[in-house]
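As structure tokens, the structure follows; a few thoughts come after it.
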Amino acid sequence: MTTHTRPLDHELIEAAAHVARTRCRGDNHTMAAAGRAPDGRIVTAVNAYHFTGGPCAELVLIGAAAAQGAYELNTIVAVGDRDRGVVPPCGRCRQVLLDYFPNLQVIVGAGERLRTVSLTDLLPESYVWADHQLDTEESESLSTS
């Protein structure tokens, strides 16, 4: 479901943009992310680029949120440094975010196309890791068969 952005979404975009402007320096940190927890808190993070495949800002945000006691996020946005604006999550981030927060809203687009969408809209017919895990009883019966 696609919706227009709300004032709270713009607050989240500005939080990420502020971190991108003030904390992203050089090639190691080029993206910032901001997420809103159910209690209204905003958590921010930056990516940790490394040639071996360091984590994106959205993935760092998951850990930063947990470290602050926010184990759920309602909405997330990523913003690039050098005034690149809102950047949609990459494929890996979309999958990880789906597995952590299946009801997450993601802010995407630019200018007149800026909108908030359901993460599942970004990943139609997606693979949900939890849906394919055997429960304990089922896996025990398979191992004794």
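The values are calculated or read from the model by the stated rules, or taken from the named source; none is laboratory data. Bear in mind the structure is a predicted one, so any value in this text is a computation, not a measurement. In this analysis, Cβ positions are derived from the backbone assuming ideal geometry, glycine residues included, and neighbour counts consider all displayed protein chains. These area figures cover heavy atoms from the full protein model, side chains too; ligands, DNA and RNA do not enter into them. Shrake-Rupley method; radii C 1.70, N 1.55, O 1.52, S 1.80 Å.
I'd like the residue in the range 12-39 that is exposed (fewer than 13 other Cβ atoms within 10 Å of the Cβ) and modelled with pLDDT of 95 or more and, out of all such residues, is farthest from C90 (Cα to Cα). Walk me through how you get there before you give the answer.
Here is the first cut: in the range 12-39, the residues exposed (fewer than 13 other Cβ atoms within 10 Å of the Cβ) are 22, 25-28, 38-39.
Okay, now just the ones that are also modelled with pLDDT of 95 or more, so 22, 38-39.
Working: T22: 23, P38: 24, D39: 27 Å.
If we take residues in the range 12-39 being exposed (fewer than 13 other Cβ atoms within 10 Å of the Cβ) and modelled with pLDDT of 95 or more, then D39 is farthest from C90 (Cα to Cα).
Residue check, A17 against (1) closer than 20 Å to I107 by Cβ; (2) in contact with a Phe, Trp or Tyr (Cβ under 7 Å, 6 or more places away or on another chain), all met but one. Which one?
For A17, the failing item is (2).
If you check S126 against the conditions, is it open to solvent by less than 60 Å² (accessible area, probe 1.4 Å) and in contact (Cβ under 8 Å) with a residue 60 or more places away in the chain? Steps first, answer last, please.
Working: open to solvent by less than 60 Å² (accessible area, probe 1.4 Å): yes; in contact (Cβ under 8 Å) with a residue 60 or more places away in the chain: no.
No; evaluated as a whole, the condition is false for this residue.
All but one of (1) of a type outside the set (S, T, N, Q); (2) closer than 27 Å to W129 by Cα; (3) buried (at least 18 other Cβ atoms within 10 Å of the Cβ); (4) in contact (Cβ under 8 Å) with a residue 40 or more places away in the chain hold for C93; which doesn't?
(4)
Evaluate the following for E72: is it open to solvent by less than 60 Å² (accessible area, probe 1.4 Å), in contact (Cβ under 8 Å) with a residue 12 or more places away in the chain and touching a Pro at 6+ places or on another chain (Cβ under 6 Å)? Quick ask: steps written out before the conclusion?
Numbers: open to solvent by less than 60 Å² (accessible area, probe 1.4 Å): no; in contact (Cβ under 8 Å) with a residue 12 or more places away in the chain: yes; touching a Pro at 6+ places or on another chain (Cβ under 6 Å): yes.
So E72 fails the test.
Every residue in the range 129-142 that is in a helix (DSSP H, G or I), open to solvent by less than 90 Å² (accessible area, probe 1.4 Å) and at pLDDT below 80, please.
Quick first cut of the range 129-142, residues in a helix (DSSP H, G or I) only: 129-132, 136-142.
Right, trim to open to solvent by less than 90 Å² (accessible area, probe 1.4 Å) and you get 130, 138-139, 141.
Passing the criteria: E138, S139, S141.
Right, N103: in contact with a Gly (Cβ under 9 Å, 6 or more places away or on another chain) and open to solvent by 60 Å² or more (accessible area, probe 1.4 Å) or not? Outline the logic, then answer.
On the way: in contact with a Gly (Cβ under 9 Å, 6 or more places away or on another chain): no; open to solvent by 60 Å² or more (accessible area, probe 1.4 Å): yes.
Criteria not met by N103.
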